[in-house]
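Participant: Got a structure for you, questions after.
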Amino acid sequence: MPLQDLAILVIDENRIRASIIEDGLREAGHARVTVVNEINEVARVIEGDMPDVVVIDLENPNRDRLEHFFTLSRALRKPIAMFVDRSDAAAIEAAVEAGVSAYVVDGLKKERVKPILDMAVSRFNAFARLTRELEQARSELEDRKVIDQAKAILNRTRGLGEAAAYALLRKTAMNQNRRIVDIAQSLVTADSLLGPEE
C-alpha cells in the first residue's frame, strides 16, 4: 500500500499540537488522517477506523500515561510514532519493549512528522519481517526434531538407516499428499501409544 493511502490516527489532547501533526501529514499528501483529542475516545476510534499507523503526542507524560499507551502499542500491533517533550532512559527502554516504532523526544515540528512517520512504518515492517523469520525458524526446528524422532523409531523398529528412514517418510508423505512432518508426527504419536507403558 502506498504510504499516502495509510489510515493515520493522531492522538493528542492538545489541539494546537495535534494540528501541527495533522498539517504535517496533510502537507505530505496523507488524506486519511483522524485526530482524537479525548483519550477516552481512543479505543472506540481504533475499533471503528482500524488505523494503519498511530501517531501519539503526549507532551509531558507521567509514568501511568506512558504505560497506558505502551499497553496500547503491544495490543495494536501497528506502527506507532510517539512524540514526548521529555523522557528518561527507563521510558525509552519501555517504549522499545512495547514495540513503539519511533519514540521522539522534544522533536515535534511539522516538517519532521512525515519523515518520522515513514521511519516508524519502515522500522515496524522490518521488525515484523524479523519476527516472522524467527517464528519460521522455530517452527522448522520443531519440525526437524519430530522428523528426527520418527527416523529414530524407523531405525529401531525396522532397522532403517537415517537416509532410508527419511526416504520412507518422504515417499509416504508424497503418496498421502501430506507434509513429511505430519507423517513423522503420526508415527511418533503411534509409537508412544503402542510402546511400553511408563
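Participant: In square angstrom, rounded to the nearest 10, how much accessible surface does Asp64 have for a 1.4 Å probe?
Facilitator: Roughly 120 Å² of Asp64 is accessible to a 1.4 Å probe.
Participant: Next question, about the same structure. What number, in percent, do you get for the relative contact order of segment 23-132 if the mean sequence gap of Cα pairs under 8 Å and at least 6 apart is divided by its residue count?
Facilitator: 27 percent
Participant: Further question on the same structure: For Ala43 and Ala164, what is the calculated FRET efficiency with R₀ set at 41 Å and r taken between the beta-carbons, to the nearest 0.05?
Facilitator: Efficiency, from the Cβ-Cβ distance: 0.10.
Participant: Once you have the Cα-Cα distance between Arg144 and Lys171, take 0.36 nm times their residue separation minus that, and quote the gain in nm to one decimal.
Facilitator: Working: separation 27, 0.36 × 27 = 9.72 nm, distance 1.69 nm.
So the extension gain works out to 8.0 nm.
Participant: Okay, moving on. Calculate, in nm to one decimal, what Met50 and Gln4 gain on full extension: separation in residues at 0.36 nm each, minus their alpha carbon distance. It would help to have the intermediate numbers written out before the result.
Facilitator: Values: separation 46, 0.36 × 46 = 16.56 nm, distance 1.60 nm.
Length gained between Met50 and Gln4: 15.0 nm.
Participant: Also, quick follow-up: Any idea which of Thr189, Ile153, Asn125 is furthest toward the positive side of the dipole for segment 115-197, if Lys and Arg beta-carbons carry +1 and Asp and Glu beta-carbons -1?
Facilitator: Sorting the options by dipole projection puts first Ile153.
Participant: How high is the relative contact order of the chain, in percent, with contacts defined as C-alpha pairs under 8 Å that are six or more residues apart?
Facilitator: With pairs under 8 Å counted, the relative contact order is 16 percent.
Participant: Among rounded, prolate and oblate, which fits segment 1-83 when a ≥ b ≥ c are the square roots of the eigenvalues of its C-alpha gyration tensor, a/c under 1.5 means rounded, and a/b larger than b/c means prolate?
Facilitator: oblate
Participant: Next up: For the chain, please report how many Lys pairs fall under 28 Å Cα to Cα, leaving out neighbours fewer than 8 apart on the same chain.
Facilitator: Taking the chain as the scope, the lysine pair count is 5.
Participant: Take the alpha carbon atoms of segment 26-66, find their center, do the same for segment 124-198, and report the distance between the two centers in whole angstrom.
Facilitator: Segment 26-66 and segment 124-198 have Cα centres separated by 46 Å.
Participant: For Ala152 and Arg65, compute 0.36 nm times the residue count separating them, minus their Cα-Cα distance, and round to one decimal in nm.
Facilitator: Details: separation 87, 0.36 × 87 = 31.32 nm, distance 5.51 nm.
Between Ala152 and Arg65, full extension yields an extra 25.8 nm.
Participant: Based solely on its DSSP helices, what 222 nm [θ] is calculated for the chain when runs of n ≥ 4 H residues each add -39,500 (n - 2.57) and the sum is averaged over all residues, nearest 500 deg cm²/dmol? If you can, show how the numbers build up before the last one.
Facilitator: Numbers: 7 runs with 123 residues, N = 198.
Computed mean residue ellipticity for the chain: -21000 deg cm²/dmol.
Participant: If you take the beta carbon distance between Leu130 and Glu97 as r and set R0 to 22 Å, what does 1/(1 + (r/R0)^6) give as a FRET efficiency, to the nearest 0.05?
Facilitator: 0.90
Participant: Roll a 1.4 Å probe over the protein heavy atoms and report the accessible area of Ser139 in Å², nearest 10.
Facilitator: 60 Å²
Participant: Roughly how many debye, to the nearest 20, is the charge dipole of the chain about its Cα centre, given +1 on each Lys and Arg Cβ, -1 on each Asp and Glu Cβ, and no other charges?
Facilitator: Values: 28 positive and 33 negative charges, 192 e Å.
The calculation lands at about 920 debye.
The values are calculated or read from the model by the stated rules, or taken from the named source; none is laboratory data. Please read all numbers here as calculations on a predicted model, not as lab measurements. Ideal geometry is used to build each Cβ from the backbone, glycine not excepted, and the neighbour counts take in all protein chains shown. The protein model used for the area step is the full one, side chains on, heavy atoms only, and it has no ligands, DNA or RNA in it. Shrake-Rupley method; radii C 1.70, N 1.55, O 1.52, S 1.80 Å.
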